[in-house]
Amino acid sequence: MDTQSLKEVFTHHFQNLRSSKRLELLARTPFDLTAEEHLTAERISSYAVNGCGLKLLYGTQRVDEATIDALEALAAETNAVKKMAFMQSGEILNSIYGHSSEMRAVLHTAARDFFADPQTSAAAVEAKNLAFAEVEKLRHFMTDINRENKYSDMVIIGIGGSELGPKAIYEALLPEKAPDRNVHFLGNIDPDAASIVLKDLNLKSTLVVVVSKTGTTLETRTNEEIFRNSFNNAGLDSNKHFIAVTSAKSPMDDKERYKEVFHMWDWIGGRYSSTGMPGAVPLAFAYGFESFIDFLEGANSIDKNALKSSARENLPLMTALLGIWNRNFLHMPVVAVIPYAQSLGRFPAHIQQLDMESNGKQIDKLGNHISFDTGPIIFGEPGTNAQHSFFQLIHQGTTTFPTEFIAFKSPQTAESHKINGTTSQEKLLANVFAQALALARGEKNENPNKNFPGNRPSSILLGAEITPYAIGALLALYEHKIAFQGFIWNINSFDQMGVELGKKLANRIIDIFKDPKLGADYAVENALIHQLDSF
């Protein structure tokens with residue numbers, strides 16, 4: 001599609017839409033979850049979306065049939081599913097029309113489009129073929145590594161999307177890890193972080209994977225040199241232990257300095273790269289190549305589900321619409337993501353970046369400043385630990401916000417001990433269900449300190465058990481939820497200009513550290529540095 005035709009699809013103003021006006025009226029008297037006759041067994045059963053091994057229960061959200069109908073109208077009026085199809089077919093969606101921007105396709109879905117009914121557009125096929133070639137290269141590389149049988153540890157050096165997503169996925173599958181394979185992640189430039197990772201490593205049996213799309217990321221290249229020095233000081237040739245994941249022709253695209261080089265492309269953003277090579281290399285190393293393929297298949301299943309026209313069948317679209325209802329019409333600024341699975345401990349941190357870096361925007365696709373709320377604040381920790389931490393605020397605080405619970409029927413390890421008549425997994429699930437009901441119903445008490453207002457929305461995303469396939473589906477569900485919200489708001493969810501200014505100023509201050517004479521030209525920066533002199 002030509003640029004002008006695409007631009008025409010992105011000309012709507014969210015607040016002026018007919019469906020938005022309808023939702024504003026409905027939000028004046030939203031569904032009351034505390035009314036005894038409202039939260040029924042029938043409602044719990046009927047307010048559900050099934051697909052790809054997951055089930056979204058949203059009966060504890062403040063919506064009724066009229067609200068859902070209006071939200072579906074909003075999706076239709078904003079061409080949300082059409083835009084998702086454009087994205088998956090390789091149209092240029094990373095763009096701001098009329099202003100300088102990256103002007104790129106958004107094709108992280110091509111990195112897992114290797115299963116039934118693949119995309120057939122020329123751009124998507126080309127991207128898929130490039131991605132598949134890297135997957136095949138990885139398969140051969142891992143076959144050789146397994147045959148050598150001398151590597152027990154892998155260190156991933158990368159930051160942001162190169163670390164958060166891959167680490168969250170790696171930790172999610174830990175019970176399935178090969179006993180002789182361990183992966184360590186280093187993102188922070190803090191020297192203590194590198195020292196902690198290096199402390200107990202046997203460098204002879206360690207591979208180091210350096211992940212940087214540009215090949216110039218400050219934190220990543222600094223940590224790489226720290227590790228190279230450690231290998232060289234130990235009498236080892238670092239070039240035989242280091243692997244690069246980078247763009248073609250970047251400074252790191254150098255087979256002489258790296259044992260192997262895997263490629264990334266500008267059509268996959270860092271935070272969307274967990275199913276690309278940044279996630280592939282550690283997952284294939286720790287869990288085996290076939291588990292990595294299962295992970296891709298789970299993500300691909302949601303890619304296909306995201307193209308369904310009705311939100312009542314489309315898992316990421318329904319989650320996106322519920323989020324927009326809460327954010328824009330019930331005016332809730334925060335979302336809590338609470339996985340009731342210990343192995344998903346880092347998953348909220350990944351979703352935090354995925355959502356806040358994608359949709360933390362204040363201009364639309366035409367460069368106009370917008371007057372409505374976009375991306376919410378995301379935070380979360382695993383339950384039940386979180387219940388003994390910040391759930392006091394969720395239940396009785398002055399700020400009301402939705403909670404997204406994630407839970408699985410069975411434990412990963414098949415070891416759920418029966419104590420006092422119920423298993424520990426049943427006790428875990430009892431807490432998920434209890435929290436959703438408590439937030440919805442509340443409880444009246446004459447003692448104000450014991451009064452629970454209720455009417456606090458939540459949803460429960462259920463799966464059978466944590467597997468590579470299920471984690472791939474869960475990841476893609478959130479990726480597409482966030483993309484759908486951006487499509488509906490008419491913003492660009494695929495760049496991150498907001499991180500650039502801090503990087504530029506940090507480089508200036510680094511230059512002053514190297515040459516204090518430069519501080520004369522930058523008085524404020526120099527004054528901050530001089531605050532260190534008193535220690």
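Of all residues in segment 398-420, exactly one satisfies the criterion of being touching a residue at least 40 places away in the same chain (Cβ under 8 Å), surrounded by fewer than 18 Cβ atoms within 10 Å (Cβ to Cβ) and of a type in the set (D, E, K, R), namely LYS409.
Determine whether segment 441-463 contains at least one residue that is surrounded by 24 or more Cβ atoms within 10 Å (Cβ to Cβ), at pLDDT 95 or above and part of a helix (DSSP H, G or I). No. Could you go through segment 77-93 and let me know if any residue there is assigned by TED's automatic domain parsing to the domain that holds TYR469, of a type in the set (Gly, Ala, Ser), over 28 Å from the mean Cα position of the chain (by Cα) and surrounded by fewer than 18 Cβ atoms within 10 Å (Cβ to Cβ). No, because not a single residue in segment 77-93 is assigned by TED's automatic domain parsing to the domain that holds TYR469, of a type in the set (Gly, Ala, Ser), over 28 Å from the mean Cα position of the chain (by Cα) and surrounded by fewer than 18 Cβ atoms within 10 Å (Cβ to Cβ). Inside segment 155-190, can you point out the residues that are among the polar types (S, T, N, Q) and either assigned to a loop (DSSP other than H, G, I, E, B) or surrounded by 24 or more Cβ atoms within 10 Å (Cβ to Cβ) (or both)? Listed by number, the residues that qualify are SER162, ASN188. In segment 129-154, the qualifying residues are those that are hydroxyl-bearing (Ser, Thr, Tyr) and not in a helix (DSSP H, G or I), and the one that is farthest from PHE262 (Cα to Cα) is SER152.
Checking the conditions here, which among PHE10, PHE31 is closer than 30 Å to ALA473 by Cβ, assigned by TED's automatic domain parsing to the domain that holds GLU404 and more than 27 Å from the chain's Cα centre (by Cα)?
PHE31
Here LEU236, LEU218 are screened, and the one residue that is surrounded by fewer than 19 Cβ atoms within 10 Å (Cβ to Cβ) and touching a Leu at 6+ places or on another chain (Cβ under 7 Å) is LEU236. Filtered by the rule that a residue be crowded, with 20+ Cβ neighbours inside 10 Å and of a type in the set (Gly, Ala, Ser), segment 241-269 gives ALA244, GLY269. May I ask you to say which residue of LEU164, LEU107, LEU174, LEU138 is over 21 Å from ILE268 (Cβ atoms) and either assigned by TED's automatic domain parsing to the domain that holds GLU290 or touching a residue at least 24 places away in the same chain (Cβ under 8 Å) (or both)? After applying the criteria, what remains is LEU174. Comparison of LEU322, LEU315 shows that the only residue that is assigned by TED's automatic domain parsing to the domain that holds LEU462 and under 17 Å from THR109 (Cβ atoms) is LEU315. Residue count for segment 36-95 under the criterion of being closer than 26 Å to GLU443 by Cβ, assigned to a helix (DSSP H, G or I) and not hydroxyl-bearing (Ser, Thr, Tyr): the result is 4.
Of the set (1) modelled with pLDDT of 95 or more; (2) closer than 15 Å to ALA284 by Cβ; (3) not polar (S, T, N, Q), all apply to ALA168 but (2).
The values are calculated or read from the model by the stated rules, or taken from the named source; none is laboratory data. Being a predicted model, the structure only gives us computed values, none of them experimental. Don't worry about glycine lacking a Cβ; one is built from the backbone with ideal geometry, like all the others, and counts go over all protein chains shown.
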